[in-house]
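Reviewing the structure listed below.
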Amino acid sequence: MILADNKYQMNSLGSKYPIIAAAMNQVSDIQLSKAIRHAGGIPSLSIYNYKNNFQGLVDDLIDYKKEFNDLKLFLSVGDAELKIPAVLDLILKSKIEFIELIIESTDILVGLQSITDNGTKVFVKCLTLDGVIPGVTGVILKSNAGAGRGSEDLDNLFHQIKTHYPDLKIIVSGGIGTPDQVKHYIDNGALAISIGTLFAVAEESKISLETKLKIINSTSTDISQFNTGATQNALIFSSVDNDDYNHTTGLHIGIQSPTAGHVFVGTAVDYITSSRPVADIINDLVAKL
């Protein structure tokens, strides 16, 4: 493990291990975030999970900073949210260390320069080579093997980004669930690995035990995609009428019980055999570094 620690002294994240918790709709909360941080990784919070409770985000950030004396975490934010003065003001005043920026429109991007000038490192969510934008610290690659909307093979996308943007910092995600995979990407120049599905079934995850067991007993052959809205990989228990584009209503139902709705998962579901503490998951992932 000395090798992993030494490698990490040379990157810009400053965590013990090169493991980041992906920002998961309806799942990433302050409890899971604290567990990730205590285990040596870097957590994520999604502003989307505070859509109707902005004060809740403020309170959780205060709680996190009180416990760790910093805001070393990723806040996942869409370009539309950056246009909201209260959101931009919170990012600037609180000095959140990392932003995952999701570009969803072709409008002029608001606030990016002020955020980077303030010292926050911005990583843009990237589904294709065309997703790279100027002025960011790096990218978070989303492949077709993850629970998100990725469309490209991770190895191919990783190679494209490294070839065209050799100085860009790269975080990879999608289908990663073994120490060999983690070692492969770190040895080939990735800054860190973003993990979603494995943490979704961790003991500290808010997903119900019944749904966790359903995920554990599933494989990648059980994954399907929605016929409407965003193209996302999921275990679909039943269809939900009039769901939003991101299928949030069905997700809210599914994380409580696998009798209806759905949960988002990637092909890393094949590497899950039980619900374990976050610390055990991270220790296994970095075992070969």
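The values are calculated or read from the model by the stated rules, or taken from the named source; none is laboratory data. Remember, predicted model here, so these are calculated numbers, not experimental data. Virtual Cβ from ideal backbone geometry, glycine too; neighbours counted across all protein chains shown.
Remarks
- Hits in the stretch 132-169 - residues which are closer than 20 Å to V122 by Cα and touching a Phe, Trp or Tyr at 6+ places or on another chain (Cβ under 8 Å): V132, V136, T137, G138, V139, I140, L141, G148, F158, K169
- Across the stretch 125-163, the qualifying residues are those that are in a loop (DSSP other than H, G, I, E, B) and aliphatic (A, V, I, L, M), and the one among them that is surrounded by the most Cβ atoms within 10 Å (Cβ to Cβ) is A147.
- Flag for N188 being more than 19 Å from R37 (Cα to Cα) and not assigned by TED's automatic domain parsing to the domain that holds S44: no
- Filtered residues of the stretch 207-228 (kept if surrounded by fewer than 14 Cβ atoms within 10 Å (Cβ to Cβ) and outside any helix (DSSP H, G or I)): N217, T219, S224, Q225, N227, T228
- Taken together, the criteria place I108 among residues that are in a loop (DSSP other than H, G, I, E, B) and either under 17 Å from the mean Cα position of the chain (by Cα) or loosely packed, with under 15 Cβ neighbours inside 10 Å (or both).
- The single condition among (1) in contact (Cβ under 8 Å) with a residue 12 or more places away in the chain; (2) in a helix (DSSP H, G or I) that D89 does not satisfy is (1).
- Contact annotation: residue pairs with Cβ atoms under 8 Å, 6 or more positions apart or on different chains, pairing a residue in the stretch 110-121 that is in the same structural domain as G135 (by TED's automatic domain parsing) with a partner that is assigned to a loop (DSSP other than H, G, I, E, B) and buried (at least 16 other Cβ atoms within 10 Å of the Cβ), are L112/V136; T116/V136; T116/T137; T120/I96; T120/E97; K121/E97; K121/T137.
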